[in-house]
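Q: Once you've had a glance at the structure underneath, I'll fire off some questions.
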């Protein structure tokens, strides 16, 4: 039985939908003819700003509800062909509130899967993360889907986040094995793009650099700038989510990363250039924020995603950052928090 | 400020105490002069049989309660100098009930830590597991404390269990960083010994072999018998728990494994011999139970435990199994389930 769920004519629910990825994916699904796209969110992290561009679409519906409340989930997933589960605490919020974060990232996924089972939702796409490979000195080289989880040298919140995503993936596998629930896990890299927020530790390198350059201050590089980051453009990710529904693939977990990695120094220089230029970057020590480290240069391989769902990233950092900055310049003060 | 908690004259609480490890540790702490040892258990897995040998001790107290109920925990930890957190679902029960397992293994640890903070408990010893190194082909060689978590090729329940222990450890680290909660994490190998139960996947190789030999049946070896297992004798582990309280060590996670690893074929032959002899083992395929695999021969290094708390295992498999079988022969029908 093929696990493909066509977009046109079907109803989709995006849990944690009032978000960077959720709103972009809603646009993608609507553009491909979805009968209805429901953005389900409790607005704890989600925001009106993140969905301003789609909220008036005639086939878009906004439902306030909480992934921790089964009644909300059972109601919203009724009649859905596909559910995209995005709702999650990331590392920074996990650090502030591990109780809430573990609730949402683990029990929230269980609830969503349970609601999908009750309502016979045909396919679940679960937003996992490259955090399942961990952090610290053990992380370097080519990160493929079989790379183990490294945690030595990483802060507790980063490990809690990564382990919570490992658990979320296994809950999907368990639902497939026990109930035949079709699913695709996409292990997102750090997302960036239009409607960028301040909640992702790695994306701070982008958004804070824009802010500093705009204020006429020197951009900051933490450490020596040789640290690798591997982002993915939000539009590419929206396409990956859509293709994960459409593909025959099921019971699989693949990376969804951008065209190529970048060092933090290259990134800060590129953002500065695209923001119109500014002073040379200033090298600073740790500012007390949770920073995510690795053991050396790495690349998150996305070849398996092509094999599984036919997807590869198309927008490189220069183009993606150009779009982010253009959006920000046209939407001063509307940045999603 | 040294994190040592002397045993003599102090009150200790063992959460999940009506268990193989809990009852042995209670005996160890009482022998070393503890003013009181409280076994706290909801008897979901714990049993009267597991505590029969200590329950009438004048300084032992049995409290029925649930690690999921903060009120129970707050009451029982009042006045405790040390808390040993054992309550957990293992892989077999995690497979049957992932909701319950994740509750106990994650929220239960959070609850226990929160109760310890409220009642200013000086030190927590948390029972983690070598499951934090994972399973499957990635696991081989020397498993040291910095070995990453492998999950490719392992069943969902085993990964859920391992990840839940990783999270439990990080909750301890987080409590240390945020509130100065002293703790020692011991990563237990599969425990065996007097009062052996049927709940640990790896220990089934022992207990099922005894059962078959006693019934006059040929013992069974799964696969070719070359699979490595590394157990730890329950009395050694009770001593490790006691020494973790006494040591100055805090904010550390170390392995607590037995003297040496053993292959499943060697194990089955040794158990058969010690049980009085029996037919040659029969090699069988998978029987549908969750089996925990590795990628080759491995050894769980316990040298760091010696550095941190001065502990090393003393009872080898021959002696430990001899004691297990002697206990079982003297307690027919009283096996803890």
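The values are calculated or read from the model by the stated rules, or taken from the named source; none is laboratory data. Since the model is a prediction, treat every value here as computed from it, not as a measurement. We place every Cβ from the backbone using ideal geometry, glycine too, and count neighbours over all the protein chains shown.
Q: Just for the range A:83-106: of the residues that are in a loop (DSSP other than H, G, I, E, B) and modelled with pLDDT of 95 or more, which one is farthest from residue A:129 (Cα to Cα)?
A: Here is the first cut: in the range A:83-106, the residues in a loop (DSSP other than H, G, I, E, B) are A:86-90, A:97.
Retained after the next criterion (residues that are modelled with pLDDT of 95 or more): A:86-89, A:97.
Details: A:86: 11, A:87: 13, A:88: 11, A:89: 12, A:97: 19 Å.
So the residue we want is A:97.
Q: Filter the strands (runs of 3 or more DSSP E) completely within the range B:167-263 down to those with at least 1 residues that are within 14 Å of chain A (Cβ to nearest Cβ) and in contact with a strand residue (DSSP E or B) (Cβ under 6 Å, 6 or more places away or on another chain).
A: Once the strands (runs of 3 or more DSSP E) in the range B:167-263 are filtered for at least 1 residues that are within 14 Å of chain A (Cβ to nearest Cβ) and in contact with a strand residue (DSSP E or B) (Cβ under 6 Å, 6 or more places away or on another chain), what remains is B:182-188, B:252-256.
Q: Is it the case that residue A:134 is out of contact with any strand residue (DSSP E or B) (no Cβ under 6 Å at 6 or more places or on another chain), closer than 24 Å to residue A:252 by Cβ, surrounded by 24 or more Cβ atoms within 10 Å (Cβ to Cβ) and within 13 Å of chain B (Cβ to nearest Cβ)?
A: no
Q: Report yes if residue A:80 is under 25 Å from residue A:197 (Cβ atoms), at pLDDT 95 or above and either more than 9 Å from chain B (Cβ to nearest Cβ) or assigned to a helix (DSSP H, G or I) (or both), otherwise no.
A: no
Q: Let me ask something else about it. Restrict the check to the range B:112-123 and report whether at least one residue is at pLDDT 95 or above, more than 25 Å from residue B:239 (Cβ to Cβ) and within 12 Å of chain A (Cβ to nearest Cβ).
A: Yes: the range B:112-123 contains one or more residues that are at pLDDT 95 or above, more than 25 Å from residue B:239 (Cβ to Cβ) and within 12 Å of chain A (Cβ to nearest Cβ).
Q: Could you please let me know if residue B:139 is part of a loop (DSSP other than H, G, I, E, B) and crowded, with 24+ Cβ neighbours inside 10 Å?
A: Against the criterion (part of a loop (DSSP other than H, G, I, E, B) and crowded, with 24+ Cβ neighbours inside 10 Å), residue B:139 qualifies.
Q: Residues of the range B:93-104 being crowded, with 18+ Cβ neighbours inside 10 Å and either more than 10 Å from chain A (Cβ to nearest Cβ) or touching a strand residue (DSSP E or B) at 6+ places or on another chain (Cβ under 6 Å) (or both), which ones? Full working, then the answer.
A: Of the residues in the range B:93-104, the ones crowded, with 18+ Cβ neighbours inside 10 Å are B:93-95, B:98, B:101-104.
Within the range B:93-104, B:93, B:101, B:104 qualify.
Q: Now a separate question. Can you tell me how many residues within the range B:142-163 are in a strand (DSSP E or B), closer than 16 Å to residue B:293 by Cβ and more than 9 Å from every other protein chain (Cβ to nearest Cβ)?
A: The number of residues fulfilling the criteria is 1.
Q: While we're looking at this one, here's another question. Just for strands (runs of 3 or more DSSP E) wholly inside the range A:1-72: which have at least 2 residues that are closer than 16 Å to residue A:191 by Cβ and under 18 Å from the mean Cα position of the chain (by Cα)? Lay out the reasoning, then the answer.
A: Numbers: elements: A:11-15, A:36-41, A:60-64.
Hits in the range A:1-72: none.
Q: Sticking with this structure for a sec: Can you name the residue in the range A:40-56 that is touching a strand residue (DSSP E or B) at 6+ places or on another chain (Cβ under 8 Å) and farther than 19 Å from residue A:90 by Cα and is also surrounded by the fewest Cβ atoms within 10 Å (Cβ to Cβ) among such residues?
A: That would be A:55.
Q: Taking residue B:146 as the residue in question, decide whether it is surrounded by fewer than 21 Cβ atoms within 10 Å (Cβ to Cβ) and modelled with pLDDT of 95 or more.
A: yes
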